[in-house]
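The values are calculated or read from the model by the stated rules, or taken from the named source; none is laboratory data. Bear in mind that the values here come from a model prediction, so they are computed numbers and not experimental data. Here the Cβ positions follow ideal geometry from the backbone for every residue, glycine too, while neighbour counts run over all protein chains shown. Note: areas computed on protein heavy atoms with side chains; ligands, DNA, RNA excluded. Shrake-Rupley method; radii C 1.70, N 1.55, O 1.52, S 1.80 Å.
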Amino acid sequence: MIFAVEEINASPDLLPNITLGFKIIDTCSVLRRAVEGTLWMLSGGSESIPNYQWQEQSHLAGIIGDSGSTRSIIMAHILGLYRYPQISYFSTSPFLSNRNQFPSFFRTIPSDEFQSRGLAQLISYFGWTWVGLLATDNDYGLIGIQVVKHEILTSGACVAFVENILTSHPTKNAPHIVQVIGMSTVNVVVVLSSDSDFMPVLEELLRQNVSGKIWVASESWSTSALLSKERFNKILNGTIGFAIHGGQMPRFPEYLSSLYPSKYPSDGFVKEFWEQIFSCEWFGKTDNNTTQECTGEEKLESSITNADLRITFNVYTCVYTFAWALQSLLQCQPGAGPFLHKECANILSFRPWQLLYYVKTVNFLVNDRTHIFFNDKGDPPAIYDIVNWQSGATGNLEQVIVGIYNSNAPRGNTLILDSSAIKWNTRDAQVPYSQCSPSCPSGFQKVTIPEKPTCCYECNPCPQGKISNQTDAVECQQCSWDMWPNQEQDRCLPRTIEFLSYKDPMGVSLAAIALFSSTVPFCILMVFFCHRTTPIVRANNWSLSCLLLVSLSFCFLCGLAFIGYPQAEMCLLRQVAFGMVFSICISCVLAKTVTVVIAFKATKPGSRLRKWTGIKISYSVMGLCVFIQLCICVSWLSLSPPFQEYDIQTQSGVIIITCNEGSSTAFWCMVGYLGLLATISFIVAFLARRLPDSFNEAKSITFSMLAFLSVWVSFVPAYLSARGKNTVAMEIFAIISSSWAVVICIFVPKCFIILFQPNMNSRKYLMKKDIGQK
């Protein structure tokens with residue numbers, strides 16, 4: 001401070017013809033002394049009298065100090081009443097940013113609020129989610145640790161423990177703190193404390209041999225020479241933390257080098273400075289023989305080179321802040337001033353609130369390098385150096401700058417680190433691990449453990465159908481409907497599309513069977529046509545037989561409608577086509593059965609059924625049966641028609657493209673109606689099986705309908721239990737099987753007689769058979 005005052009007084013550009021003076025009062029880190037010294041300076045005399053000034057010629061511009069936040073708060077309460085500017089170089093409490101309580105307080109060191117955010121960001125940068133907090137039990141520690149804790153929790157990390165260092169009894173709870181640290185699984189501990197308050201804890205760590213932790217230091221001890229000694233190397237090596245951003249004072253080292261006690265024998269500050277630099281005491285001050293005696297011949301060069309001037313620079317900027325505020329006050333032009341009636345203040349008789357106005361608006365460069373200004377809370381730009389404690393050549397710890405934190409930088413660039421320059425207390429260059437639970441790999445999600453912090457969790461595999469493609473996923477992501485997770489559940493793959501296609505072996509086989517089968521009825525029809533004049537063809541209702549054979553051929557072919565990609569149009573038609581074609585087929589069978597019964601009954605003398613023996617009754621029965629089925633199908637298509645459906649629930653990882661029947665009731669009504677027709681045909685044919693007629697088809701129809709019903713009764717449970725393309729294949733198989741049952745039971749015996757036993761297909765043979773039967 002003395003150097004800065006002398007430098008300003010010697011400057012021809014800053015405050016020309018104005019001489020700055022100073023008065024230094026040592027508070028001795030005692031609150032009472034801080035209050036007393038403040039009142040002394042306000043009174044300007046040896047006694048403190050409120051609202052009274054001893055010397056009229058003395059002008060108190062402002063106060064620099066104190067270093068401690070608690071003492072600065074007390075001083076700021078008093079100075080704020082008088083609107084005296086107060087600038088602290090080391091008070092970092094966030095409370096001091098409250099302009100309602102402290103309207104005249106400023107500082108050249110950033111508030112702990114910025115440091116707390118930066119420390120939380122530093123922890124997040126290294127991926128540490130499980131940390132411990134240690135702080136002193138004063139305003140600096142208690143307030144700062146709460147802000148740090150809040151920022152850490154906000155960033156998603158967790159706090160394992162919060163312990164306070166008792167400053168009144170520093171050794172009282174040190175064993176407890178070390179025990180908590182040693183038993184905890186955390187590898188990172190944030191410490192907000194001064195070096196002297198942290199010392200007992202370090203001593204206890206050495207005594208209990210607790211090491212291997214990474215310490216995150218606040219600016220109050222991150223550059224401490226007291227803790228940089230070789231004996232703490234094992235514990236503090238690898239420490240990383242925030243340090244006050246240093247500035248340049250070009251002529252200050254030379255100034256220090258000139259401060260020899262022999263040149264300033266009456267200056268108590270020089271002697272005290274000498275004692276602190278060389279850890280000695282002047283003769284006569286102590287009787288302790290273990291303390292080195294100061295000689296005044298010690299060499300300053302090496303000590304000054306290694307001195308930490310970060311806080312020193314803050315004091316330097318405090319003095320220059322007052323100087324530039326006075327310079328602005330001095331340069332005020334009459335009639336253009338900032339006060340009432342645009343008046344200016346007189347530098348020889350200004351009021352404290354007038355200088356306070358100019359302190360608020362200072363904006364200057366220190367030595368053309370460091371930019372100094374205050375925000376609306378009286379805080380300077382928050383810039384910190386990130387330092388890493390590394391072993392030096394002498395065995396002592398050295399603080400190496402590895403990055404910078406600038407709160408005014410664009411978002412995303414506030415914290416800049418050179419990770420390659422950081423040396424940890426581990427054997428490799430990897431960032432130390434500090435998590436409550438290991439990271440969850442891809443394919444897993446974090447599940448919190450009840451009654452434990454959120455950072456303590458279990459890793460559970462993603463549920464079926466979900467993935468996680470990053471580590472520590474909080475929640476697995478659902479794949480889109482057409483995608484499915486791979487086996488590792490870390491990415492989505494396209495689902496396999498399944499339907500009964502013509503490329504599928506089963507689809508090809510069924511299609512080939514259906515095509516081949518459809519030719520059989522036409523071949524039989526050709527045989528019947530070539531032998532249409534023979535008795536066996538003429539006696540079995542030639543027109544109904546032809547219609548039945550044609551419908552059977554279409555029954556085989558309608559199975560092809562179920563093979564291939566289920567288009568929407570095909571979904572509408574295939575079940576209806578199946579129902580209508582089969583209803584025609586079974587109606588023909590029923591008509592043939594009824595015709596056989598009527599024909600036999602009509603042969604009896606006096607029978608009234610002779611008028612019903614014509615072809616009309618057959619077509620009427622068939623038309624009525626088909627019409628009823630047509631009504632069922634039209635109602636189905638009108639009310640709830642079938643539609644194309646993508647089934648992703650039946651089989652994992654597969655999209656089954658099917659035709660949803662729309663109304664399952666309508667589908668089973670259609671199938672049930674076919675079963676009803678077949679059952680009626682079976683019953684009528686069974687009752688007429690023993691009629692004494694050479695051309696009786698009742699037995700053939702009985703067996704055909706029995707086989708037909710057996711196939712479709714077996715189809716029902718098989719259809720309901722089948723899944724995917726097997727459902728379609730099952731229905732095609734039932735269609736082909738039931739159609740073959742009709743072909744084999746009704747037409748194959750007749751074709752055998754026509755082709756291989758033509759003697760049985762003659763009128764003479766049939767007449768002999770009739771005579772034999774009689």
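Within segment 407-434, the set of residues being assigned to a loop (DSSP other than H, G, I, E, B), open to solvent by 30 Å² or more (accessible area, probe 1.4 Å) and more than 20 Å from ILE383 (Cα to Cα) comprises LYS423, ASN425, THR426, ARG427, ASP428, ALA429, GLN430, VAL431, TYR433. For first residues located in segment 727-750 and within 12 Å of VAL589 (Cα to Cα), partners that are open to solvent by 10 Å² or more (accessible area, probe 1.4 Å) and part of a helix (DSSP H, G or I) and lie 6+ apart or on another chain with Cβ distances below 7 Å form the pairs VAL743/VAL520; CYS745/SER700; CYS745/PHE703; CYS745/ALA707; ILE746/SER700; PHE747/ILE524. Could you count how many residues in segment 139-164 are surrounded by fewer than 20 Cβ atoms within 10 Å (Cβ to Cβ), of a type in the set (Gly, Ala, Ser) and part of a helix (DSSP H, G or I)? Qualifying residue count, segment 139-164: 0. For segment 207-230, give me each residue that is under 19 Å from GLY395 (Cβ atoms) and touching a helix residue (DSSP H, G or I) at 6+ places or on another chain (Cβ under 7 Å). The answer is SER211, TRP215, THR223, SER224, LEU226, LEU227. Restricting attention to segment 165-195, the residues being among the hydrophobic types (A, V, I, L, M, F, W, C), out of contact with any Asp or Glu (no Cβ under 8 Å at 6 or more places or on another chain) and in a loop (DSSP other than H, G, I, E, B) number 1.
If you take the residues in segment 642-670 that are free of Cβ contacts under 8 Å to residues at least 24 places away in the same chain and part of a helix (DSSP H, G or I), which one is farthest from TRP481 (Cα to Cα)? Residue satisfying both the conditions and the ranking: TRP668. Can you name every residue in segment 170-213 that is open to solvent by less than 20 Å² (accessible area, probe 1.4 Å) and either among the hydroxyl-bearing types (Ser, Thr, Tyr) or on the phi > 0 side of the Ramachandran plot (or both)? SER193 - this is the single residue of segment 170-213 that is open to solvent by less than 20 Å² (accessible area, probe 1.4 Å) and either among the hydroxyl-bearing types (Ser, Thr, Tyr) or on the phi > 0 side of the Ramachandran plot (or both).
Only helices (runs of 4 or more DSSP H) whose full extent lies in segment 1-106 are considered here, and the ones with at least 2 residues that are small (Gly, Ala, Ser), within 21 Å of LEU355 (Cα to Cα) and at pLDDT 90 or above are 69-82. Evaluating LYS503 against the criteria (1) modelled with pLDDT under 85; (2) of a type in the set (D, E, K, R); (3) at negative phi leaves one unmet condition, (1).
Restricting attention to segment 694-738, the residues that are under 30 Å from THR534 (Cα atoms), at pLDDT below 85 and surrounded by fewer than 20 Cβ atoms within 10 Å (Cβ to Cβ) total 3. Residues that are aromatic (Phe, Trp, Tyr), in contact with a Leu (Cβ under 8 Å, 6 or more places away or on another chain), closer than 28 Å to CYS659 by Cβ and in contact (Cβ under 8 Å) with a residue 60 or more places away in the chain do not occur anywhere in segment 563-572. Quick check on segment 68-86. Is at least one of its residues over 24 Å from GLY247 (Cα atoms) and among the basic types (Lys, Arg)? Looking through segment 68-86, at least one residue is over 24 Å from GLY247 (Cα atoms) and among the basic types (Lys, Arg). The set of residues in segment 282-292 that are in contact with a Ser or Thr (Cβ under 9 Å, 6 or more places away or on another chain), open to solvent by less than 90 Å² (accessible area, probe 1.4 Å) and modelled with pLDDT of 80 or more is empty.
For segment 215-259, what are the residues that are of a type in the set (Phe, Trp, Tyr), surrounded by fewer than 19 Cβ atoms within 10 Å (Cβ to Cβ) and free of Cβ contacts under 8 Å to residues at least 40 places away in the same chain?
The first filter runs over segment 215-259 and keeps only residues of a type in the set (Phe, Trp, Tyr), leaving 215, 221, 232, 242, 252, 255.
This time we only want the ones that are surrounded by fewer than 19 Cβ atoms within 10 Å (Cβ to Cβ), so: 252, 255.
Passing the criteria: none in range.
Looking across segment 447-473 at every residue that is open to solvent by 60 Å² or more (accessible area, probe 1.4 Å) and in contact (Cβ under 8 Å) with a residue 24 or more places away in the chain, the one that is nearest to ILE657 (Cα to Cα) is identified as GLN464. Filter segment 214-259 down to the residues that are part of a loop (DSSP other than H, G, I, E, B) and among the hydroxyl-bearing types (Ser, Thr, Tyr), then identify the one that is nearest to SER194 (Cα to Cα). Looking at the filtered set, the residue picked out is SER220.
For every residue, the table says whether it meets (1) farther than 16 Å from ILE109 by Cα; (2) modelled with pLDDT under 95; (3) open to solvent by less than 50 Å² (accessible area, probe 1.4 Å).
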{"position": "LEU330", "(1), (2), (3)": "yes, yes, no"}
{"position": "LEU340", "(1), (2), (3)": "yes, yes, no"}
{"position": "VAL362", "(1), (2), (3)": "no, no, yes"}
{"position": "PRO381", "(1), (2), (3)": "no, yes, yes"}
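Here segment 260-281 is the region considered, the condition is being in a helix (DSSP H, G or I) and of a type in the set (A, V, I, L, M, F, W, C), and the residue that is most open to solvent (accessible area, probe 1.4 Å) is PHE269.
For segment 625-649, a tally of residues being within 20 Å of ALA568 (Cβ to Cβ), open to solvent by 60 Å² or more (accessible area, probe 1.4 Å) and either aromatic (Phe, Trp, Tyr) or in contact with a strand residue (DSSP E or B) (Cβ under 9 Å, 6 or more places away or on another chain) (or both) returns 3.
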